[in-house]
Amino acid sequence: MRDTTTVMGLILDIAKNDNRIRAVFQTGSRVNPLVNRDIMQDYDIIYCVQDVEAFKTDESFLEPMGEPILVHKPDAMKTLGRTASETFLYSCLFEDGVKVDFKFYPVEKITNLMTTETLLLLLMDKDNLIQQLAVSSDVGYRAGRATKNEFEEVTAEFFYRVVEMTPYLYRKQTIGGFYAYRELMDMLNRMLSWYIANEKDYKVNLGKNYRDIAKNLDDEYRNIYIDVYPSMDSEEFWRALFAACTLFRKLGLTLAERLGYNYPRQTDVRVSAHIRKVWQQAKKARIQ
């Protein structure tokens with residue numbers, strides 16, 4: 001795998017040799033001083049260009065980087081429900097394992113970029129467009145405080161997803177259950193992020209896809225959280241669902257008390273009773 005100096009040199013050479021690229025920023029974990037370095041980190045690069053459209057089909061800019069194993073252009077995938085954007089992303093994996101995300105951003109919107117993105121390191125500015133750039137930090141990525149509406153909506157959605165899970169588990173349709181469970185886990189992880197943020201005085205970044213949730217939990221909550229992830233075994237899946245409900249209840253009640261919100265205890269009790277009833281019915285059906 002090429003070292004950082006080599007990779008960054010190639011990235012900057014692309015910009016130097018292409019007049020359409022007027023400024024270059026680096027973002028992501030590599031410019032976050034609080035993130036530990038390892039060989040699996042992507043390079044997140046923003047090229048500010050005069051014409052984003054010109055780069056959507058022309059991949060020749062990649063040639064100095066070497067032969068890619070994979071070039072993924074998610075913004076071009078309209079059949080997957082991607083909406084139109086003024087930016088365009090190339091996510092590239094190269095033969096030596098180096099992965100670089102090249103985002104093309106309209107240079108006339110560079111002020112917007114500097115306003116909305118807090119993890120930014122300026123690498124090149126051909127036209128001296130950037131007079132001053134704030135110190136790069138992860139403040140824009142930190143878990144925030146739940147509003148009353150957010151708390152209520154996530155709680156309602158969680159209980160709906162719990163109920164939605166029960167037919168899958170009753171029928172032992174674990175593959176379909178995994179798809180439904182993803183939505184439930186999203187609600188649980190949001191509640192966890194709010195709880196952790198509150199515990200850490202809103203100064204914690206939980207990473208992409210909540211990857212650092214577990215390490216920011218105390219032993220009691222961490223042990224329950226581990227049990228929330230199911231296997232393909234039907235009975236283990238039931239246990240994971242019960243663990244998810246237990247953890248959500250503990251978090252919801254604690255956070256509601258701290259923030260002055262209402263936790264729907266009656267709904268919790270009734271939904272919990274419902275899924276236990278279906279679980280008992282499922283056990284009885286298997287016995288018969």
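The values are calculated or read from the model by the stated rules, or taken from the named source; none is laboratory data. All figures in this text were calculated on a predicted structure; none of them were measured in a lab. All Cβ positions, even for glycine, are placed from backbone atoms using ideal geometry, and neighbour counts span all protein chains on display. The protein model used for the area step is the full one, side chains on, heavy atoms only, and it has no ligands, DNA or RNA in it. Shrake-Rupley method; radii C 1.70, N 1.55, O 1.52, S 1.80 Å.
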Any hit, the stretch 70-80, residues being within 22 Å of ASP18 (Cβ to Cβ) and either of a type in the set (D, E, K, R) or open to solvent by 80 Å² or more (accessible area, probe 1.4 Å) (or both): yes
Residue within the stretch 104-117 that is free of Cβ contacts under 8 Å to residues at least 40 places away in the same chain, out of contact with any strand residue (DSSP E or B) (no Cβ under 9 Å at 6 or more places or on another chain), part of a loop (DSSP other than H, G, I, E, B) and exposed (fewer than 13 other Cβ atoms within 10 Å of the Cβ) present: no
Positions within the stretch 185-194 being within 25 Å of ILE275 (Cα to Cα) and buried (at least 18 other Cβ atoms within 10 Å of the Cβ), in sequence order: MET185, MET187, LEU188, ARG190, MET191, LEU192
Answer residue from the stretch 39-64, given it is open to solvent by less than 70 Å² (accessible area, probe 1.4 Å) and over 21 Å from ASP125 (Cα atoms) and is modelled with the lowest pLDDT among those: GLN41
From the options TYR195, TYR202, TYR170, residue that is on the phi > 0 side of the Ramachandran plot and in contact (Cβ under 8 Å) with a residue 60 or more places away in the chain: TYR202
Output for the stretch 207-225, where each listed residue is hydroxyl-bearing (Ser, Thr, Tyr) and open to solvent by 40 Å² or more (accessible area, probe 1.4 Å): TYR210
From the options VAL271, VAL204, residue that is over 19 Å from ALA146 (Cα atoms), open to solvent by less than 40 Å² (accessible area, probe 1.4 Å) and among the β-branched types (Val, Ile, Thr): VAL271
Residue count for the stretch 8-24, restricted to those that are under 28 Å from the mean Cα position of the chain (by Cα) and over 17 Å from CYS92 (Cα atoms): 2
The stretch 128-144, subset exposed (fewer than 14 other Cβ atoms within 10 Å of the Cβ) and more than 21 Å from LEU34 (Cα to Cα), residue modelled with the lowest pLDDT: GLN132
The stretch 258-281 residues that are acidic (Asp, Glu), paired with ones that are surrounded by 15 or more Cβ atoms within 10 Å (Cβ to Cβ) and outside any helix (DSSP H, G or I) (beta carbon under 8 Å, 6 or more apart): none
Test: residue in the stretch 169-184 that is closer than 26 Å to GLY28 by Cβ and either among the basic types (Lys, Arg) or open to solvent by 10 Å² or more (accessible area, probe 1.4 Å) (or both): yes
Set ASP13, ASP101, ASP18: member being open to solvent by less than 50 Å² (accessible area, probe 1.4 Å) and farther than 29 Å from VAL204 by Cβ: ASP18
